[in-house]
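J.: Before I ask anything, let me first share the structure, which is written out below as structure tokens.
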Amino acid sequence: MNPGGVGAPVIRVVIVGGGTAGWMTAAAAARLTAAGVSVTLVESDEIGTVGVGEATIPSLHDFNGLLGLDEDEFVRATQATFKLGIEFVNWGRLGDRYIHPFGVHGRDTQGLKFHQIWLRQSSLAKSDGDVGPLSDYNLSAVAARMNRFSRPSQNPAAVLSTLSYAFHFDAGLYARFLRGHAEERGVKRIEGRIATVEQDSESGFITAVVLADGRRVEGELFVDCSGFRSLLLGETLGVGYRSWLHWLPCDRAIAIPCESVSPLTPYTRATAGLAGWRWRIPLQHRIGNGHVYSSAHHGDEDALRDLLDGLDGAPTAEPRYLRFTPGRRERLWEKNCIAIGLSGGFIEPLESTSIHLIQSGISRLLALFPDTSFDPVERDEYNRWLTREYEQVRDFVILHYHATERSDSAFWDYCRTMAVPETLTERVELWRGKARNFRMQGDLFTEDSWYAVLLGQRIVPRGYDPLAAALPIPETSRFLHHLRDVIGKTAAAMPTHEEFIAQHCAARPPGAA
């Protein structure tokens, strides 16, 4: 090791831990083998993975595209379905329902954001039925309500080109699928439980991991994918953890699958309860369910009962209990170790961001791939980028809890009245004025995502952009009516979600040869 100087190439990368994070890292790092870099993944079958995160966001297309995966093959191999957004139930008030869809709302025109035109027309309409909700102008939202799906058109002039989607899949099957991809391209897997971690006596850099049977796995660069334990970054290098429990009070989860039911919905559902929320994620062979809750406001037995009472079908496995502290490590790259996945931080799965944050860590690692000097400038840039992304995701998730009118439990009283980060307060106040929202550098969530959640959580702006008043009312009315009509007809012409999967990418039944 030669920190701060000119170093020799890294020729041995060691990934500690499998699961989704480990095998996503290995599949992407397999590209390095063509440059003479050996990539080794160490995992133990004795140690289970969390593996309950099954919902994704559209950025996964970029990762799968990087690997050159065939989408239909990926869907079949992982029992996947398609996801057009997330339906939120009971978040603003009991009885509320709204969809946070992927893709865009309407069409910007004459230098104005579409939502500004919609807001101005809504303020003039005699009734809500004249204009309809903003979601009526988003193809993903309308198709989700109809349980329909089709891939987007490649013609940018077609309304169908505005549809955006992600996936629901079995995380364990995805890791297995990526393992096959990685091993075919030269990644070596070593089975074994790590007993000790060796470090250089002077620099503190990790030099090897030693397995319980005495085998040593040496490397220059180590990637920690060991889950919540954070074996390398946390335990070995002593990088501290910054808790966000005061902003995100849920610290427990129970997961349980159940039998499938029809229709096969192309969206995730998040239903708020008395002290947290329940997820519903439809796969081809089952429905994934879970309850995320605050242990300070809800006991485990009550949380399990709430979860079981809300299942659509009979449970197909025993419940799995998870404990976590939302937050992140102070640094995600320390010395010659980079943490990816749960070892670096965790933000609860409300907006399906866990796999994206894994993907983001991998893409930044490849973009800043070091030599053995481990230049502090590259390390600091990595940490700066990932810190910013974690905090932006954090703010978006906090918004769902804080922007509520619910007062039916101590949990919601706390969330409604808690102090939130200034970065979120400033963004919400800017929106409350004239519905302005600007995407920050590196921000995962688009302006359209913020519009959907802000309005869905009943944060209605006091006004709108004055430029919108320059548009003739009859012209605006015709514009909105035409858009709404075309989007509705386009969605209605799609096959059902089940029909599309049956035609293009149906998985074999579990256990079939």
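The values are calculated or read from the model by the stated rules, or taken from the named source; none is laboratory data. Everything quoted here is computed from the prediction, not taken from an experiment. With ideal geometry, Cβ positions are generated from the backbone for all residues, glycine too; neighbour counts draw on all protein chains shown.
J.: Yes or no: Y137 over 16 Å from R269 (Cβ atoms) and of a type in the set (S, T, Y)?
T.: Against the criterion (over 16 Å from R269 (Cβ atoms) and of a type in the set (S, T, Y)), Y137 qualifies.
J.: Does R269 fit the bill of being outside the structural domain of G227 (by TED's automatic domain parsing) and either touching a Leu at 6+ places or on another chain (Cβ under 8 Å) or part of a loop (DSSP other than H, G, I, E, B) (or both)? Walk me through it before giving the result.
T.: Working: outside the structural domain of G227 (by TED's automatic domain parsing): yes; either touching a Leu at 6+ places or on another chain (Cβ under 8 Å) or part of a loop (DSSP other than H, G, I, E, B) (or both): no.
No: the conditions fail for R269.
J.: Continuing with this model, one more query. Within the stretch 393-419, take every residue that is farther than 14 Å from L454 by Cβ and of a type in the set (V, I, T) and give me the one that is surrounded by the fewest Cβ atoms within 10 Å (Cβ to Cβ).
T.: T417
J.: Checking L60 against (1) closer than 30 Å to L274 by Cβ; (2) in contact with a His (Cβ under 9 Å, 6 or more places away or on another chain); (3) not basic (K, R), which test does it fail?
T.: Result: L60 fails condition (1) only.
J.: Test each condition in (1) in contact with a strand residue (DSSP E or B) (Cβ under 7 Å, 6 or more places away or on another chain); (2) at pLDDT below 95; (3) not small (G, A, S) for L41 and report the one that comes out false.
T.: Answer for L41: the failing condition is (2).
J.: Please list, ordered by residue number, the helices (runs of 4 or more DSSP H) wholly in the stretch 402-513 having 1 or more residues that are over 27 Å from the mean Cα position of the chain (by Cα).
T.: 410-417, 422-434, 473-492, 497-504
J.: With respect to F177, is the statement that it is aromatic (F, W, Y) and over 26 Å from the mean Cα position of the chain (by Cα) true?
T.: no
J.: Which strands (runs of 3 or more DSSP E) sit wholly inside the stretch 175-250 and have at least 3 residues that are within 18 Å of I358 (Cβ to Cβ)?
T.: 221-224
J.: Quick one: in the stretch 138-153, which of the residues that are surrounded by fewer than 24 Cβ atoms within 10 Å (Cβ to Cβ) and touching a helix residue (DSSP H, G or I) at 6+ places or on another chain (Cβ under 7 Å) is nearest to D72 (Cα to Cα)?
T.: S150
J.: Starting from residues that are under 15 Å from L163 (Cα atoms) and among the basic types (K, R), keep the ones in the stretch 60-108 and report whichever is modelled with the lowest pLDDT.
T.: R107
J.: While we're looking at this one, here's another question. Given the residues A30, A34, which is the only one that is at pLDDT below 95, assigned to a helix (DSSP H, G or I) and within 20 Å of G68 (Cβ to Cβ)?
T.: Answer to the check: A34.
J.: Search the stretch 181-226 for residues being surrounded by fewer than 16 Cβ atoms within 10 Å (Cβ to Cβ) and among the basic types (K, R), and hand back the single one that is farthest from I15 (Cα to Cα).
T.: The selected residue is R215.
J.: So, in the stretch 458-500, exactly how many residues are within 19 Å of V142 (Cα to Cα), surrounded by 12 or more Cβ atoms within 10 Å (Cβ to Cβ) and in contact (Cβ under 8 Å) with a residue 12 or more places away in the chain?
T.: Going through the stretch 458-500 one residue at a time, the tally reaches 15.
J.: Return yes or no: is D170 charged (D, E, K, R) and within 23 Å of L332 (Cα to Cα)?
T.: So D170 fails the test.
J.: Among the residues of the stretch 252-286, count how many are of a type in the set (S, T, Y) and under 15 Å from P319 (Cβ atoms).
T.: 0
J.: Tally the residues that are under 24 Å from T446 (Cα atoms), surrounded by fewer than 24 Cβ atoms within 10 Å (Cβ to Cβ) and in contact with a helix residue (DSSP H, G or I) (Cβ under 8 Å, 6 or more places away or on another chain), restricting the search to the stretch 367-389.
T.: Qualifying residue count for the region: 3.
J.: Quick one: in the stretch 426-441, of everything that is surrounded by fewer than 12 Cβ atoms within 10 Å (Cβ to Cβ) and in contact (Cβ under 8 Å) with a residue 12 or more places away in the chain, which residue is nearest to K113 (Cα to Cα)?
T.: Out of the qualifying residues, it is G433.
J.: Hey, among G129, G111, G172, which residue is closer than 30 Å to R508 by Cβ and either charged (D, E, K, R) or modelled with pLDDT under 95 (or both)? Full working, then the answer.
T.: Working: G129 fails: closer than 30 Å to R508 by Cβ; G111 fails: closer than 30 Å to R508 by Cβ.
When all the criteria are applied, what remains is G172.
J.: Of the residues that sit in the stretch 330-347 and are among the charged types (D, E, K, R) and on the phi < 0 side of the Ramachandran plot, which one is surrounded by the most Cβ atoms within 10 Å (Cβ to Cβ)?
T.: E334
J.: If you check G240 against the conditions, is it free of Cβ contacts under 8 Å to residues at least 24 places away in the same chain and within 28 Å of the chain's Cα centre (by Cα)? Give the derivation first.
T.: Working: free of Cβ contacts under 8 Å to residues at least 24 places away in the same chain: no; within 28 Å of the chain's Cα centre (by Cα): yes.
Judged against the criteria, G240 is not a match.
J.: Please pick out the residue among H298, H291 that is under 21 Å from Y401 (Cα atoms), out of contact with any Cys (no Cβ under 8 Å at 6 or more places or on another chain) and touching a residue at least 40 places away in the same chain (Cβ under 8 Å). Before the answer, list the steps.
T.: Details: H291 fails: touching a residue at least 40 places away in the same chain (Cβ under 8 Å).
Selected residue: H298, the only one of H298, H291 that is under 21 Å from Y401 (Cα atoms), out of contact with any Cys (no Cβ under 8 Å at 6 or more places or on another chain) and touching a residue at least 40 places away in the same chain (Cβ under 8 Å).
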